[in-house]
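Below is one structure, written out as structure tokens, with a few remarks after it.
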């Protein structure tokens with residue numbers, strides 16, 4: 001292994017079996033998600049942009065080990081160890097279907113990710129980013145309601161800020177999963193096109209049978225949100241894109257590492273509050 005990752009249970013999967021060095025060197029788009037299936041839910045736009053291309057390659061990084069998955073039906077009696085293996089293999093299947101350049105699974109527990117004193121996750125992410133040097137990076141958004149999603153994003157921002165200036169990505173986006181970004185001001189939303197090759201989009205999320213059969217229809221919900229975003233995005237215009245994700249532009253936080261992540265996020269919420277209050281003042 002080119003990169004020495006912290007956890008013995010970490011996994012590196014390269015679908016077309018090139019070397020890790022080659023897979024990292026060709027990476028142009030990279031996403032960092034907390035759980036197996038997060039990348040396929042929030043990162044389909046970069047996956048689609050890179051799919052079947054020779055000059056663009058998507059790399060995925062999944063931080064946790066999948067141990068805390070909800071389970072029902074045929075998976076109801078599975079142990080955490082069994083679920084970890086199932087979810088690892090499901091993430092590998094998604095990477096194969098999506099033709100990822102390389103898929104890392106770091107193997108940390110959720111409690112480790114949420115511990116601000118743990119530097120191991122930041123070190124692993126930094127090692128990957130420092131070699132891959134992607135042009136674009138996709139993360140969870142800082143207003144997400146899932147604690148592990150938010151802490152994964154914070155660790156990723158820290159790793160990105162440690163990079164030398166010339167190795168930092170041109171764009172960094174925080175994407176929607178457990179809480180959408182419809183509330184953001186329209187001119188502040190980054191629109192990610194997910195309407196390309198929708199059969200691939202469906203296949204990627206549907207790979208996670210342990211979640212779908214286990215009681216969560218992420219396949220239907222993910223498609224529904226993307227379609228709703230596109231339809232309700234513009235009230236006075238015809239839809240140009242049939243399916244989209246929204247993202248928060250986090251690039252300023254990387255360009256200016258001293259900027260407060262909390263203040264940056266709360267300011268966006270305040271602008272939404274002001275907009276709602278302003279409309280009520282005008283029309284009430």
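We did not get these values from a lab; they are worked out from the coordinates using the rules stated. Values in this document were obtained by computation on a predicted structure and should not be read as measured data. Cβ atoms come from the backbone with ideal geometry, glycine included; neighbour counts cover every protein chain shown.
With r as the distance between the Cβ atoms of residue 117 and residue 280 and R0 = 45 Å, compute the FRET efficiency 1/(1 + (r/R0)^6) and round to 0.05.
Computed FRET efficiency for residue 280 and residue 117 comes out at 0.55.
At q = 0.20 Å⁻¹, what is the base-10 log of I(q)/I(0) for the range 80-185 according to the Debye formula with one equal point scatterer per Cα and no solvent? Please give it to two decimals.
Listed by q, the Debye log ratios stand at -1.29.
Just to verify a number: FRET efficiency for residue 52 and residue 7, C-beta to C-beta distance, R0 = 25 Å, to 0.05?
Given R0 = 25 Å and the Cβ-Cβ separation, E is 0.20.
Can you put 57, 183 in order of Cβ neighbours within 10 angstrom, beginning with the fewest?
Going from least to most buried by this count: 183, 57.
Fewest first, what order do 282, 179 take by the number of other Cβ atoms within 10 Å?
By the 10 Å Cβ count, ascending: 282, 179.
Contour minus end-to-end for residue 145 and residue 18, with contour as 0.36 nm per residue of separation and end-to-end as the Cα-Cα distance?
Taking 0.36 nm per residue and subtracting the Cα distance, the gain is 42.0 nm.
Calculate how steeply helix 80-97 sits against the longest principal axis of the alpha-carbon atoms of the chain, using the helix alpha-carbon long axis, and give the answer as 0 to 90 degrees to the nearest 10.
In the chain, helix 80-97 runs at an angle near 70 degrees to the longest axis.
Give the calculated FRET efficiency between residue 209 and residue 182 to the nearest 0.05, with a Förster radius of 30 Å applied to their Cβ-Cβ distance.
0.55
At 0.36 nm per residue, and after removing the present C-alpha to C-alpha distance, how many nm does the segment from residue 259 to residue 170 gain when stretched out fully?
Full-extension gain reported as 30.3 nm.
How long are the semi-axes of the equivalent ellipsoid of the range 11-257, taking √(5λ) for every eigenvalue λ of the Cα gyration tensor, in whole Å from largest down?
Output for the range 11-257: semi-axes of 24, 23, 19 Å.
Need one number: % antiparallel among DSSP beta bridges in the range 11-257, to the nearest 5.
Among the beta bridges of the range 11-257, antiparallel pairing accounts for roughly 40 percent.
Multiplying the sequence separation of residue 271 and residue 241 by 0.36 nm and subtracting their Cα-Cα distance, what value in nm do you get?
8.2 nm
Give me 206, 243, 111 sorted ascending by neighbouring Cβ count inside 10 Å, so fewest comes first.
Fewest to most other Cβ atoms nearby, the residues stand as 111, 206, 243.
Between residue 220 and residue 81, what is the label-point separation in nm under the 7 Å Cα-to-beta-carbon projection?
3.6 nm
Against the longest alpha carbon principal axis of the chain, how many degrees, from 0 to 90 and to the nearest 10, is the axis of helix 120-132 turned?
The angle comes out at about 90 degrees.
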